[in-house]
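What follows is calculated from the coordinates using simple rules that are stated; it is not laboratory data. Small disclaimer: the values here were computed from a predicted structure and weren't measured. For neighbour counting, all protein chains shown are included, and Cβ atoms are generated from backbone atoms with ideal geometry for every residue, glycine included.
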Amino acid sequence: MTMSKTQPLPLLRHHLTSENERRRHDVIRQQPIKILQIGEGNFLRGFADWMIHEMNASGKYHGSVVLTPPTPRGGAKLEKLAKQEGLYTLVQQGLQNGEKVEKRQLISVFRDYVNPYADWESFLQLAELESLDVVISNTTEAGLTYTELDYVPGEPMVNYPARLTVFLHRRFQTFGNDPKRGLMILPCELVENNGDMLKSYVLRYAREFGFGEDFCQWVEQHQLFLNNLVDRIVTGMPQADEYARLTGNWGYEDHFLTSAEPYYIWVIEGDSSLDQRLPLVQTGLNVKWTQDLQPYRQRKVHILNGAHTLMMPLGVLHNRTTVRELMEDEQLGSWVKQTIAEEVIPSLSLPADELQRYAEETYERFYNPYLEHRLMDIAMNSLSKFQARVLPVLKTYTDKNGHLPQQIVRGFSALLLLYRVQPIEQEGTVLFRSFTLEGQPLDIRDNAEWLQQLAQHWSEGSSQHETDGVVDYSKAVQRILSDTRIWQEDLTAIPGLVEMVASNLNDMEAGRL
């Protein structure tokens with residue numbers, strides 16, 4: 001089952017910096033397998049695997065990881081990692097308390113590597129391990145889905161929830177309904193209520209596959225599907241020049257070199273007693289066990305992600321390229337901080353001082369000199385992002401204060417101006433073209449149906465007339481905000497929003513922030 005047994009020792013082993021590290025790496029290959037990991041990608045290596053490494057290094061945990069890929073394409077990657085004995089380098093780069101940080105660690109947590117698409121039975125045999133206690137996954141949002149399919153015994157399941165269902169059924173067949181063989185399941189996919197969602201899919205597949213109500217009850221009662229929130233920017237392999245600089249300094253190559261920012265937090269909706277099973281807090285890691293994940297999710301979604309969504313259109317319209325470049329612009333950077341402090345934080349439920357500390361940490365992440373976080377990458381699917389990240393704050397602020405949040409509405413206005421698109425056919429594909437305030441062309445990537453609607457609204461609402469040099473945008477804005485297909489509600493019902501957006505558009509066309 002282990003793919004690395006016949007592989008020669010990798011060069012990385014010789015760069016473990018102390019005898020203690022070398023001994024610990026040898027020990028990890030003998031530790032009982034306690035964690036099944038679904039996903040070999042950058043994020044888990046720079047987040048969960050690093051934490052497992054830290055737990056083992058602290059002496060508070062004694063367990064290894066068996067690694068499996070989420071899709072058939074991951075098999076080749078698994079083999080390459082096995083050739084490195086599972087060793088890889090994590091470099092943390094960024095700002096911490098205002099100081100530049102660059103820290104290198106060789107991470108050792110993997111004991112075995114199983115490709116379920118090539119060896120389905122070996123994968124299912126992992127369910128028979130008495131030592132197994134935790135499942136961690138990151139199959140992306142696209143992987144945490146339900147699709148109709150048939151269960152054929154002996155054939156691998158590509159769909160992750162279906163694959164986990166068959167895996168848990170093998171465990172049930174092996175141990176009966178023994179409650180002690182229940183697993184702690186931590187889906188790290190960026191989906192709200194990810195644990196609840198995965199559990200519902202597993203139970204649905206269990207009934208469709210005919211696994212019986214006894215199995216379903218065992219899943220209900222003894223498998224811990226925990227909602228959790230993960231937060232760390234993991235960029236993975238650095239750019240070629242940065243890779244050459246790092247490996248040149250270290251004196252070795254690493255095909256799995258993983259770079260991440262220093263900041264991280266893992267919030268898990270579960271009883272704090274679970275830290276006895278997975279001693280993350282005991283190790284001193286920034287992990288919170290909580291009975292209510294929602295305030296932490298709101299904090300991340302509305303401050304970190306919301307700031308990205310708010311800043312992007314203004315930055316792009318003013319020809320800024322990256323988050324750091326925008327934040328270093330005196331006017332734009334101050335606008336972001338003012339908006340978060342005066343309009344976003346007062347609309348959230350956690351204590352204001354805690355939210356302000358989180359905001360300051362967020363700004364430090366935005367200034368990270370090692371990250372090139374492009375605004376046009378953030379721009380993808382901004383309509384749905386605005387609905388999830390910013391619109392709830394706009395409405396909450398308005399309800400609390402009896403008037404609109406001016407800066408949030410300004411960010412919304414910039415988004416609509418950026419989305420003043422024109423459909424252009426190019427090589428049989430329809431692109432939606434927009435322009436910066438200086439006339440540079442931009443291709444907007446979002447829901448094609450919504451973009452087509454916006455193009456029509458801007459076109460048919462273009463009978464604006466000029467009075468004293470001022471363009472009347474009210475008709476176009478009225479059409480756009482009332483389109484329930486885009487917003488899932490009629491935003492013209494929010495008092496004063498149409499008028500404020502139309503006024504902002506005039507300011508922006510005149511070059512005013």
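Residue pairs exceeding 32 angstrom between C-alpha atoms, taken from K100/K300; K77/K337; K77/K180; K80/K385; K400/K475: K77/K337; K77/K180; K80/K385.
Neighbour counts of other C-beta atoms within 10 Å: give me H53, H318 arranged from fewest to most. List each step's numbers first, then the result.
Values: H53 21, H318 18.
Sorted ascending by nearby Cβ count, the order is H318, H53.
Within a straight-line Cα-Cα reach of under 24 Å, K83 can be paired with the following lysines, leaving aside sequence neighbours fewer than 8 residues apart in one chain: K5, K34.
In the chain, what percentage of the DSSP-assigned beta bridges are antiparallel, given to the nearest 5?
On the way: 26 of 51 bridges.
Beta bridges within the chain, antiparallel portion: roughly 50 percent.
Full extension of the chain segment joining R207 with Q96 gains 35.0 nm, where the gain is 0.36 nm per residue of separation less the Cα-Cα distance. Restricting the calculation to Cα atoms, the stretch 11-265 yields a radius of gyration followed by a Dmax of 18.8, 59 Å. Based on the Cβ-Cβ distance of N193 and H62, what FRET efficiency does E = 1/(1 + (r/R0)^6) give at R0 = 56 Å, to the nearest 0.05? Calculated transfer efficiency: 0.95.
Positive end of the charge dipole of the chain (Lys, Arg +1 and Asp, Glu -1 on Cβ, about the Cα centre): tell me which of Q105, L304, H318 has its Cα farthest that way. Of the listed residues, the answer is Q105. A viscosity of 0.692 mPa s and a temperature of 37 °C, combined with the Kirkwood radius over C-alpha pairs in the Stokes-Einstein formula, give the chain a diffusion coefficient of 130 µm²/s.
Between I424 and Q125, 0.36 nm times their residue separation minus their Cα-Cα distance comes to what? Don't skip to the answer; put the middle values down first.
Values: separation 299, 0.36 × 299 = 107.64 nm, distance 5.38 nm.
Between I424 and Q125, full extension yields an extra 102.3 nm.
Label separation (N401 vs R277): 4.4 nm, computed from points 7 Å beyond Cα along the C-beta direction.
Listed by chain and number, the aspartates and glutamates whose C-alpha is less than 15 Å from the C-alpha of K288, apart from same-chain residues fewer than 8 away, are D231, E269, D271, D275, E354.
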